[in-house]
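Enquirer: Sharing a structure here in structure tokens format.
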Amino acid sequence: MSILHTVAPAARTRGLSLQLYGYLLLLPALCFLLLFTHYPALATVWESLFSAARSGHAPQFVGLDNYRALLDDDIFMLSLRNNLLYAVITIPLSVVLALMMALAVNRRLRGNAITRAAFFIPSLLPMVAIANLWLFFYTPQLGLLNKLLALFSLPAVNWLGEPGTALYSLMAVSVWREAGFFMIFYLAALQQIDPRLAEAAEIEGASRRYYFFRVQWPLLMPTTLFILINASMNAFRIVDQVIAMTNGGPNNSSSLLLFYIYRTAFSYWDLPAASAMTVVLLVILAAIALIKFNLLDKRAHYQ
């Protein structure tokens with residue numbers, strides 16, 4: 001009994017020391033997380049409850065007035081609608097194109113390495129380079145796209161200068177850039193699937209289409225969920241592309257939510273209004289993530 005009474009406190013002491021050691025290892029990362037993630041989020045919510053400091057007057061607590069003012073802000077509502085349309089179109093196109101590209105380069109064919117590199121390179125380029133490249137494509141009269149239209153005797157289109165085409169032109173650039181990045185995740189997931197499943201399906205006489213929808217697609221669901229969450233966040237944080245290509249024009253037809261937040265904060269210096277918009281953006285992203293997890297996580301087959 002005396003030995004047990006001696007060992008028990010020693011074991012507890014050792015367990016506490018190991019636990020303390022674990023927390024000390026987590027402390028640097030935890031400090032960065034609190035300093036650069038949680039504190040800015042809480043500070044943004046607090047800032048959105050005050051008025052802007054103007055003409056030497058200190059900010060006043062206004063509660064939810066900044067959020068009510070957003071409902072009367074026509075440009076904010078237009079930017080929100082543009083962003084929702086942008087997400088609805090670019091996310092499915094990027095995911096489907098990435099999956100098709102991954103399926104194409106997953107086979108053992110000659111030149112696969114070059115093809116994979118060609119698909120992935122757009123995601124490595126800086127946005128300034130991508131914007132300049134696509135500005136050349138979209139240039140009125142002299143652009144590559146208008147040259148192709150001229151071959152079929154079609155009139156030239158001012159792709160970035162017309163309200164009806166500016167937003168869709170930005171969407172094309174985003175899909176082109178992101179599909180190659182998402183392809184890498186799908187390709188890695190495809191290569192983790194046991195090849196014996198394909199052999200068994202071939203022996204049973206299953207077609208490629210049947211094998212994809214019955215075997216590959218269910219096994220790719222966790223990767224698809226991960227890609228959808230990332231694609232949703234990317235769709236709502238586009239700002240550099242808008243600045244480089246359209247600056248929100250013409251007539252705010254290509255203005256997106258984060259771009260309008262940036263312009264409100266650093267052009268109009270209305271930080272409380274920008275903070276309120278940021279909170280709305282965070283709520284939208286959180287709602288999208290919860291919906292996707294609730295709908296898709298139940299259908300995911302984790303290996």
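Enquirer: Between Leu109 and Asn294, what is the spin-label point distance in nm, taking each point 7 Å from the Cα along the Cα→C-beta axis?
Expert: 4.2 nm
Enquirer: Turning to a different aspect of this structure: Calculate the FRET efficiency for Leu282 and Ser153 from the Cβ-Cβ distance with a Förster distance of 35 Å, rounded to the nearest 0.05. Please list the in-between numbers first.
Expert: On the way: r = 50 Å, r/R0 = 1.42.
Step by step, r from the Cβ atoms, then E = 0.10.
Enquirer: Roughly how many Å² is the accessible area per residue of the chain, as a whole number, for a 1.4 Å probe?
Expert: Values: 18960 Å² over 303 residues.
Here the per-residue accessible area is 63 Å².
Enquirer: Here's another thing I want to ask about it. Sorted by packing (mean other beta-carbon atoms within 10 Å per residue), highest first, where do 119-128, 77-86 land?
Expert: Details: 119-128: 14.1, 77-86: 18.3.
Ranking, from highest mean packing down: 77-86, 119-128.
Enquirer: Separate question: Just need the Rg to Rh number for the stretch 172-277, please, alpha carbons only, Kirkwood Rh. Let's see the in-between values first.
Expert: On the way: Rg = 21.1 Å, Rh = 17.1 Å.
On the Cα set of the stretch 172-277, Rg over Rh gives 1.23.
Enquirer: While we're on this one: If amide H atoms are built 1.01 Å from N in the plane of the peptide, which residues on other chains or at least 5 residues away come under 5 Å of the amide H of Phe50?
Expert: Answer set, sorted by chain and number: Val62.
Enquirer: How many percent of the accessible area of the stretch 184-229 is carbon or sulfur, using a 1.4 Å probe?
Expert: Numbers: 1710 of 2970 Å².
Ligands and nucleic acids excluded, carbon and sulfur reach 58 percent.
Enquirer: Give the shape of the chain as rounded, prolate or oblate, defined through the alpha-carbon gyration tensor: a ≥ b ≥ c are the square roots of its eigenvalues, a/c under 1.5 means rounded, and otherwise the shape is prolate if a/b is larger than b/c and oblate if not. Walk me through the numbers on the way to the answer.
Expert: Values: a/c = 2.42, a/b = 1.08, b/c = 2.23.
It is oblate, given that a/c is not under 1.5 and a/b is not larger than b/c.
Enquirer: Would you look at the GNM of the chain, springs on alpha carbons closer than 10 Å, and say which of Asp65, Asp194, Asp74 moves the most?
Expert: Of Asp65, Asp194, Asp74, the most mobile in the Gaussian network model is Asp194.
Enquirer: Under 12 Å from the Cβ of Leu197, count the other residues' Cβ atoms, weight Lys and Arg +1, Asp and Glu -1, and hand me the total. Can you show the working numbers first?
Expert: On the way: positive: Arg196, Arg214; negative: Asp194, Glu199, Glu202, Glu204.
Here the charged neighbours net out to -2.
Enquirer: Something else: Step through the residues of the stretch 48-53 one at a time and calculate ³J(HN,Hα) from phi using the Karplus curve (6.51 cos²θ - 1.76 cosθ + 1.60, θ = phi - 60°), rounding each to whole Hz and writing x for Gly and Pro.
Expert: The phi angles translate into 5, 8, 10, 7, 6, 7 Hz.
The values are calculated or read from the model by the stated rules, or taken from the named source; none is laboratory data. As the structure is a prediction and not an experimental result, all values here were calculated from the model. Methodologically, a virtual Cβ is constructed for each residue, glycine included, from the backbone with ideal geometry; neighbour enumeration extends over all protein chains shown. When the accessible area is computed, the model is the full protein with side chains, heavy atoms only, and any ligands, DNA or RNA have been set aside. Shrake-Rupley method; radii C 1.70, N 1.55, O 1.52, S 1.80 Å.
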